[in-house]
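Handing you this structure, nothing more for now.
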Amino acid sequence: MLRKSKLFITGSEIIKHASGYACKLLRELPGTFYNRTYAVLLFLIVLLTLPIILLPDSLHNRPYSQVLYSNDSHLLGAKIATDEQWRFPYTDQLPEKYKIAVLTFEDKRFYYHPGIDPIAVLRAAFQNFRQKKIVSGASTLSMQLIRLLHNNSKRTWTQKLYESYLTLGLELSHSKETILKLYAAHAPYGGNIVGLSAASWRYFGRTPQELSWAESAMLAVLPNSPSLIHPGKNQQLLKRKRDALLKKLHAEDIISDLDYTLSLGEPLPGKPLPLPRNGSHLLETLVQQHPEKILFNSTINNNFQNQAMEIVSRHHKHLSSRMIYNISVIIIDNETSQVVAYIGNSPNNNNDNSQTVFKNKGYQVDITRRPRSTGSILKPVLYAAMLNEGSITPDMLISDVPTNFAGYMPENFSRTYRGVVPAKEALALSLNIPAVAMLKDYRYPRFYRLLKKIGITSLKQPPDHYGLALILGGAESSLYEISSVYSSLVRIAVGKNPSKITVLTDTEPEEFTVPAITPGAAYLTLEALLEVRRPGVNEFWKSYLYSQKIAWKTGTSLGHRDAWAVGVTEKYTVGVWCGNAAGEAVTGMTGMAVASPLLFDLFSFLPKSEWIVSPYEDLKSVTVCSISGYLPTPQCNTKQILIPQSAIFDKQCPYHRLIHLDKSGKYRVTNKCESVNNMIHTPWLVLSPVQEFYYKKHNLSYQKMPPMREDCSGSAAYGEVQRISLIYPSANTKVFIPIDIDGEKSQIVLKAAHIEDTTIFWHIDDTYIESTLEFHEIAIQPEPGKHKLTLVDSSGFSLTRYFEVIDR
């Protein structure tokens, strides 16, 4: 395609019109020497600038394939150009072997002529005259480039003259190196393969810089007769031409005897190879973001990408048998904030016989950037923020019992409870009740703003839309953003500013600050995540010689639709998502069971790194109760722990109390029934009945508070200690009673706990139902409506709660 303008003419008419214009000036101007000289100069200027003006638009505006390269120039993916040609953008540097081969074969005086080689012209004219037919041409590389840009138009003398004229314009406006690069980018290599880069990947499966002498020679001679490459067609002729060039290179001492011998033995390629697709999903995403861009130089490490693809393929084969079809992976270099491996979706490498099974599984979707339910993967951010301000310490006990948060009743994933649990253990075990209780104290609007600040951009609704469920998967985010958040925690812990991760070499990571999380808080959070139990490994993994510390966290969305696992070392962050692109739930699909094995397989090939050095200057030592993690009272043993320098922690221990025992130490007493001189005053860990009910199941060393001596009964004897707790239902709970398989109404089980081993008498709507001893559970089938539940123990203490049964 040429520029359409008033100057647009073809063939020999260019010179005719330019000459006519100059002659007209000569006739009309006065006949002085200076005026005629001016006319001649004007003619020369027109003659020299006109070919530059008339250069084809397609010199730089031909449609190119959009290509993605790794950080070491390996091809990760390509999209065919709009004219259905595989035409890659020309590279900044041509490989030396190719340059020598193509100039030796096509244009050995390339650097010495102005686009037209007079010696070649005379040689061709003499040979053609002697043979009385055209047997030799005089086209230079520059002339061939002009012809290629004219789509190899019909060969006539006028067209040849015109192209030669344009070649002068090309040489005047472009350097020799640029012309050579343009030729290499536009040379035909058979079929719809255009240019050196595309040919190198299609025929040899590697970069042009990695080509051998034989391969470079083949690509040097092929544009001269591109049809020779077709399988089974003229392969011997192509080989003879290649070998002739190799012989010439050897004769000129460009290649050694050994290289020459080995090159002659190299076979020609067969049919074109498929292009690499290890980064196809990333390429599609980048094309959507930058549709005008054709060359994407990425930060992807080709070796990491290939190994990650192999591991994902292996896991995909296993998971697809469980109807889990999609996997996404990202690996980040924490030091540079650059993405070094990016797998947008599972490789769809199933054979033809299984295509009906795998059809429409969303393999074309780049899951890495798609928002999905986060499950509990964001809990570490809340933990870090609360540590930073002093709302909690790592060892502070947090209640873990069934709780109704103003109508929101979350459950732990395991549906078991621990009564009370240290905050760092609650994080490591990913317990939901403590997390929601912590968010209630921190307030979800603040947490919402913090997530926005640290890089979660997918929160499109206001904070009230998410509420307390924000910490348990009520919001959505992408693997790309979540992995970036974990990488930011590492950067903060080592004293750097967090930054947005990048996947392109020409994009600098954008740093930002998160005042709500300091290095001390980030470090203590990652330390807590070291204790998450690894899949298939016992708790003694730290003793293994080659083990490395990995802080990691899993997440599972409601309904088993998303399985997450993200892990960090000082050097790398690895993020994994497993599930189905369309959102189908799969029983048993959890972050621990599905995503974490893949996570640790990915870490297995990454270079090992030392663990993060403790930021001592950003930590301070405080004295707390050994068990509760609160500021000590005289009633508890103490220990030293580290908290962030920024933390202002002022909560005194509510659990350790001084109780009074008789001389036997078996019963509690008061001054109403025992002399103070006869009492033993003992510190004791006192939990509420419901906390104690669960806590003692997981802590065999826990000692219940001794019972009151019979002669010391009375409310004053218990002070502020709660005697009875209702485990289920919570106050003002709405209960739905399901229908059994036989069509009959089921029952609900009411549960309570008592601080002593005593009898509880159960009453519904002031009507006695039954009594329980030690294990306080009863099954009832109440009618729909509101009900009053009253529990009375053998000492007369009572507890009243209200609940409502909802009809279908």
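Got a number for residues in region 764-778 being more than 18 Å from S730 (Cβ to Cβ) and either in contact with a Cys (Cβ under 6 Å, 6 or more places away or on another chain) or open to solvent by 30 Å² or more (accessible area, probe 1.4 Å) (or both)?
Final tally of qualifying residues: 10.
Related question: Name the pairs: first residue in region 441-464 and touching a residue at least 60 places away in the same chain (Cβ under 8 Å), second residue of a type in the set (A, V, I, L, M, F, W, C) and in a loop (DSSP other than H, G, I, E, B), Cβ to Cβ under 7 Å, at least 6 apart or on different chains?
L450/A516; L451/L378; L451/L459; K453/V514; I454/V514
Another question, if that's okay. Which condition number does E284 fail, the rest of (1) open to solvent by less than 40 Å² (accessible area, probe 1.4 Å); (2) outside any loop (DSSP other than H, G, I, E, B); (3) within 23 Å of I193 (Cβ to Cβ) being met?
If we test E284 against (1) open to solvent by less than 40 Å² (accessible area, probe 1.4 Å); (2) outside any loop (DSSP other than H, G, I, E, B); (3) within 23 Å of I193 (Cβ to Cβ), just (1) comes out false.
What is the residue count in region 217-242 for residues that are assigned to a helix (DSSP H, G or I) and within 20 Å of A187 (Cα to Cα)? Don't jump to the end; show me each part of the working.
The initial filter retains those residues of region 217-242 that are assigned to a helix (DSSP H, G or I), namely 217-224, 226-229, 235-242.
Filter once more, keeping what is within 20 Å of A187 (Cα to Cα): 217-224, 226-229, 235, 237-239, 241-242.
Looking only at that region, the number is 18.
I'd like to check something: does region 317-324 contain any residue that is touching a Cys at 6+ places or on another chain (Cβ under 8 Å) and in a helix (DSSP H, G or I)?
Step one: of region 317-324, the residues touching a Cys at 6+ places or on another chain (Cβ under 8 Å) are 319, 324.
Now narrow it down to the ones that are in a helix (DSSP H, G or I): 319.
Yes: one or more hits.
If you take the residues in region 79-103 that are open to solvent by 30 Å² or more (accessible area, probe 1.4 Å) and among the aromatic types (F, W, Y), which one is farthest from S142 (Cα to Cα)?
W86
Specify which of the listed residues (L219, L228) is among the hydrophobic types (A, V, I, L, M, F, W, C) and surrounded by fewer than 22 Cβ atoms within 10 Å (Cβ to Cβ).
Numbers: L219 fails: surrounded by fewer than 22 Cβ atoms within 10 Å (Cβ to Cβ).
From the options L219, L228, the qualifying one is L228.
Continuing with this model, one more query. Across region 402-415, which residue is most open to solvent (accessible area, probe 1.4 Å) among those that are within 33 Å of the chain's Cα centre (by Cα) and without any contact (Cβ under 8 Å) to a residue 12 or more places away in the chain? Please lay out each step first, then the result.
Keep residues of region 402-415 that are within 33 Å of the chain's Cα centre (by Cα), which gives 408-415.
Of the ones still in play, those that are also without any contact (Cβ under 8 Å) to a residue 12 or more places away in the chain are 414-415.
On the way: S414: 73, R415: 173 Å².
That would be R415.
Okay, next question. Given the criterion open to solvent by 30 Å² or more (accessible area, probe 1.4 Å), more than 24 Å from V568 (Cβ to Cβ) and at pLDDT below 95, identify the matching residue among K440, K460. Full working, then the answer.
Working: K440 fails: at pLDDT below 95.
Residue meeting the stated conditions: K460.
Among the residues in region 700-715, are any part of a helix (DSSP H, G or I), farther than 22 Å from Y408 by Cα and of a type in the set (S, T, Y)?
Step one: filter region 700-715 for residues part of a helix (DSSP H, G or I), giving 710-712, 715.
Then keep just the ones that are farther than 22 Å from Y408 by Cα; that gives 710-712, 715.
Keeping just the survivors that are of a type in the set (S, T, Y) gives 715.
Yes, some residue in region 700-715 is part of a helix (DSSP H, G or I), farther than 22 Å from Y408 by Cα and of a type in the set (S, T, Y).
How many residues are under 30 Å from N699 (Cα atoms) and either in contact with a Gly (Cβ under 9 Å, 6 or more places away or on another chain) or free of Cβ contacts under 8 Å to residues at least 24 places away in the same chain (or both) if we restrict to region 609-631? Give the derivation first.
Of region 609-631, the ones under 30 Å from N699 (Cα atoms) are 620-631.
Pick out the ones that are also either in contact with a Gly (Cβ under 9 Å, 6 or more places away or on another chain) or free of Cβ contacts under 8 Å to residues at least 24 places away in the same chain (or both) and you get 620-621, 623, 626, 631.
So the count comes out to 5.
Something else: How many of the residues making up region 294-316 are closer than 17 Å to N345 by Cβ and assigned to a helix (DSSP H, G or I)?
11
Counting just the residues of region 741-763 that are part of a strand (DSSP E or B) and over 49 Å from the mean Cα position of the chain (by Cα), which one comes out surrounded by the most Cβ atoms within 10 Å (Cβ to Cβ)? Don't jump to the end; show me each part of the working.
Filtering region 741-763 for residues part of a strand (DSSP E or B) gives 745, 748-754, 759-763.
If we keep only those that are over 49 Å from the mean Cα position of the chain (by Cα) as well, we get 754, 759-763.
Details: H754: 25, T759: 15, I760: 22, F761: 15, W762: 20, H763: 16.
Selected residue: H754.
Assess whether P738 counts as being surrounded by fewer than 16 Cβ atoms within 10 Å (Cβ to Cβ), at pLDDT below 85 and not basic (K, R).
Values: surrounded by fewer than 16 Cβ atoms within 10 Å (Cβ to Cβ): yes; at pLDDT below 85: yes; not basic (K, R): yes.
Against the criterion (surrounded by fewer than 16 Cβ atoms within 10 Å (Cβ to Cβ), at pLDDT below 85 and not basic (K, R)), P738 qualifies.
Moving on. I'm told F204 meets every condition in (1) surrounded by 20 or more Cβ atoms within 10 Å (Cβ to Cβ); (2) of a type outside the set (V, I, T); (3) within 44 Å of the chain's Cα centre (by Cα); (4) at pLDDT 90 or above except one. Can you identify the failing condition by its number?
Only one criterion is unmet by F204, namely (1).
Could we say that E584 is outside any loop (DSSP other than H, G, I, E, B) and open to solvent by 50 Å² or more (accessible area, probe 1.4 Å) here?
The answer is no for E584.
Failed condition for S730, given (1) on the phi < 0 side of the Ramachandran plot; (2) in a loop (DSSP other than H, G, I, E, B); (3) open to solvent by 20 Å² or more (accessible area, probe 1.4 Å), with all others met?
(3)
For region 535-562, how many residues are assigned to a loop (DSSP other than H, G, I, E, B) and either modelled with pLDDT of 95 or more or of a type outside the set (G, A, S) (or both)? Before the answer, list the steps.
Of all residues in region 535-562, those assigned to a loop (DSSP other than H, G, I, E, B) come to 535-540, 544-550, 557-561.
Still in the list and also either modelled with pLDDT of 95 or more or of a type outside the set (G, A, S) (or both): 535, 537-540, 544-546, 548-550, 558, 560-561.
So the count comes out to 14.
For region 189-196, state whether one or more residues are out of contact with any His (no Cβ under 9 Å at 6 or more places or on another chain), open to solvent by 10 Å² or more (accessible area, probe 1.4 Å), in a helix (DSSP H, G or I) and closer than 22 Å to I255 by Cα.
Taking region 189-196 as the starting set, the residues that turn out to be out of contact with any His (no Cβ under 9 Å at 6 or more places or on another chain) are 189, 192-193, 196.
Next, from what is left, pick out any that are open to solvent by 10 Å² or more (accessible area, probe 1.4 Å): 192.
The next check asks that each one be in a helix (DSSP H, G or I); those that pass are none.
No; the residues of region 189-196 include none that is out of contact with any His (no Cβ under 9 Å at 6 or more places or on another chain), open to solvent by 10 Å² or more (accessible area, probe 1.4 Å), in a helix (DSSP H, G or I) and closer than 22 Å to I255 by Cα.
Looking at region 256-276, which of its residues are under 46 Å from the mean Cα position of the chain (by Cα) and surrounded by 16 or more Cβ atoms within 10 Å (Cβ to Cβ)?
Passing the criteria: D259, S263, E266, L268, P269, P272, L275, P276.
Next question, about the same structure. I'd like the residue in region 667-692 that is of a type in the set (D, E, K, R) and in a loop (DSSP other than H, G, I, E, B) and, out of all such residues, is nearest to P402 (Cα to Cα).
Just the residues of region 667-692 that are of a type in the set (D, E, K, R), to begin with: 668, 672, 674, 692.
Then keep just the ones that are in a loop (DSSP other than H, G, I, E, B); that gives 672, 674.
Values: K672: 36, E674: 38 Å.
Step by step, filter region 667-692, then rank; the result is K672.
Show the residue pairs meeting these rules: Cβ distance below 7 Å; 6+ apart or different chains; first residue within region 477-498 and in contact (Cβ under 8 Å) with a residue 12 or more places away in the chain and surrounded by 24 or more Cβ atoms within 10 Å (Cβ to Cβ); second residue part of a loop (DSSP other than H, G, I, E, B) and acidic (D, E).
Qualifying pairs under 7 Å: V490/E570.
Might you let me know whether region 496-515 holds any residue that is in contact with a helix residue (DSSP H, G or I) (Cβ under 7 Å, 6 or more places away or on another chain), of a type in the set (A, V, I, L, M) and assigned to a helix (DSSP H, G or I)?
No; the residues of region 496-515 include none that is in contact with a helix residue (DSSP H, G or I) (Cβ under 7 Å, 6 or more places away or on another chain), of a type in the set (A, V, I, L, M) and assigned to a helix (DSSP H, G or I).
Now for a different question. Please work out which one of (1) in contact with a strand residue (DSSP E or B) (Cβ under 9 Å, 6 or more places away or on another chain); (2) among the β-branched types (V, I, T); (3) open to solvent by 40 Å² or more (accessible area, probe 1.4 Å) is the condition T518 fails and give its number.
(3)
Can you work out which of the residues in region 623-659 that are open to solvent by less than 30 Å² (accessible area, probe 1.4 Å), in a loop (DSSP other than H, G, I, E, B) and out of contact with any Cys (no Cβ under 8 Å at 6 or more places or on another chain) is nearest to I492 (Cα to Cα)?
Ranking the qualifying residues of region 623-659, first place goes to A647.
The values are calculated or read from the model by the stated rules, or taken from the named source; none is laboratory data. All of these numbers come straight from a predicted model, not from anything done at the bench. Cβ atoms come from the backbone with ideal geometry, glycine included; neighbour counts cover every protein chain shown. We work out accessible area using only protein heavy atoms, side chains counted, and drop any ligands, DNA or RNA first. Shrake-Rupley method; radii C 1.70, N 1.55, O 1.52, S 1.80 Å.
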